[in-house]
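Engineer: Got a structure for you, written out below as structure tokens; questions coming shortly.
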Amino acid sequence: MTSDFGISASVRSTKALDLTTAADPLDFRRGVHLESGTGAGKADLVFHDRRTLNASANETLDLAGVLTDAYGAAITFARIKFIAISAASGNTNNVIVGANASNDWVGLLNAAGTITLRPGASFCAMSGPVDATGMVVTAGTGDLIKVANSAGSTTVTYDVVIVGVSA
């Protein structure tokens, strides 16, 4: 398994002056390439799915032994190297990520932290290519990610991608 992921922002800000136009070009890019394995610069597990939550519903993504890969095998993450969650642009309600009641995965957020994804919004976090640790998952005590629909009016759909290691 090989993985490539990244974030980028290209912005060109301009301002008209008396005789010229000043420009401030920004080209920000960070990327990671991971080979197959479990150490620094490596990953051996991936989970991805498009999921729908009913009005006011929530679910818990269990990073240690409940999620399955594309081939139907159970996945147990020891560390996460990349996570992305994206709310569908057609949603009416927000998608809330984080703050599970117990055994909350704190590798990204603290125990009470949440991220609110408005319709069409996305977030991602990634470890650097030389980071062997990544974001730690502790099976049984720190391995649950809560995802919730913010309101009772309509369903929400979201996409999730998680790349990590088994050891």
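Engineer: Being at pLDDT 95 or above and among the β-branched types (Val, Ile, Thr) is the filter; apply it to the stretch 3-28 and report the residue that is nearest to MET126 (Cα to Cα).
Structural biologist: It comes out as VAL11.
Engineer: Separate question: For THR116, are the conditions met, namely being polar (S, T, N, Q), assigned to a strand (DSSP E or B), modelled with pLDDT of 95 or more and under 14 Å from ARG51 (Cα atoms)?
Structural biologist: Spelling it out, it is not the case that THR116 is polar (S, T, N, Q), assigned to a strand (DSSP E or B), modelled with pLDDT of 95 or more and under 14 Å from ARG51 (Cα atoms).
Engineer: Still on this structure, I have one more. Of everything in the stretch 98-114 that's closer than 25 Å to THR155 by Cα, in contact with a Leu (Cβ under 7 Å, 6 or more places away or on another chain) and of a type outside the set (Gly, Ala, Ser), which residue is surrounded by the fewest Cβ atoms within 10 Å (Cβ to Cβ)?
Structural biologist: That would be ASP104.
Engineer: Taking the stated definitions as given, is ASN100 touching a Lys or Arg at 6+ places or on another chain (Cβ under 8 Å), more than 17 Å from HIS48 (Cα to Cα), touching a residue at least 60 places away in the same chain (Cβ under 8 Å) and not hydroxyl-bearing (Ser, Thr, Tyr)? Let's see the steps before the verdict.
Structural biologist: Numbers: touching a Lys or Arg at 6+ places or on another chain (Cβ under 8 Å): yes; more than 17 Å from HIS48 (Cα to Cα): yes; touching a residue at least 60 places away in the same chain (Cβ under 8 Å): no; not hydroxyl-bearing (Ser, Thr, Tyr): yes.
In short, no.
Engineer: Would you confirm whether any residue within the stretch 44-61 is of a type in the set (Asp, Glu), within 30 Å of ALA151 (Cβ to Cβ) and either modelled with pLDDT of 95 or more or not in a strand (DSSP E or B) (or both)?
Structural biologist: So the first thing to find is which residues in the stretch 44-61 are of a type in the set (Asp, Glu), and the list is 44, 49, 59.
From the residues that got through so far, the ones that are within 30 Å of ALA151 (Cβ to Cβ) too are 49, 59.
Among the residues that remain, those that are also either modelled with pLDDT of 95 or more or not in a strand (DSSP E or B) (or both) are: 49, 59.
Scanning the stretch 44-61 turns up at least one residue that is of a type in the set (Asp, Glu), within 30 Å of ALA151 (Cβ to Cβ) and either modelled with pLDDT of 95 or more or not in a strand (DSSP E or B) (or both).
Engineer: To continue, here is another question. Looking at (1) surrounded by fewer than 18 Cβ atoms within 10 Å (Cβ to Cβ); (2) among the basic types (Lys, Arg); (3) under 16 Å from the mean Cα position of the chain (by Cα), which is the one condition that is false for LYS15?
Structural biologist: So the condition that LYS15 fails would be (3).
Engineer: Just name the residue that is surrounded by the most Cβ atoms within 10 Å (Cβ to Cβ) out of those in the stretch 59-86 that are within 17 Å of the chain's Cα centre (by Cα) and farther than 19 Å from GLY140 by Cα.
Structural biologist: By that ranking, first place goes to LYS81.
Engineer: Scanning the stretch 119-155 for residues that are part of a loop (DSSP other than H, G, I, E, B) and touching a Phe, Trp or Tyr at 6+ places or on another chain (Cβ under 8 Å), which turns out nearest to VAL97 (Cα to Cα)?
Structural biologist: ASP143
The values are calculated or read from the model by the stated rules, or taken from the named source; none is laboratory data. None of these values were measured; they are calculated from a predicted model. Positions of Cβ are generated from backbone atoms using ideal geometry, with glycine treated the same way; all protein chains shown enter the neighbour counts.
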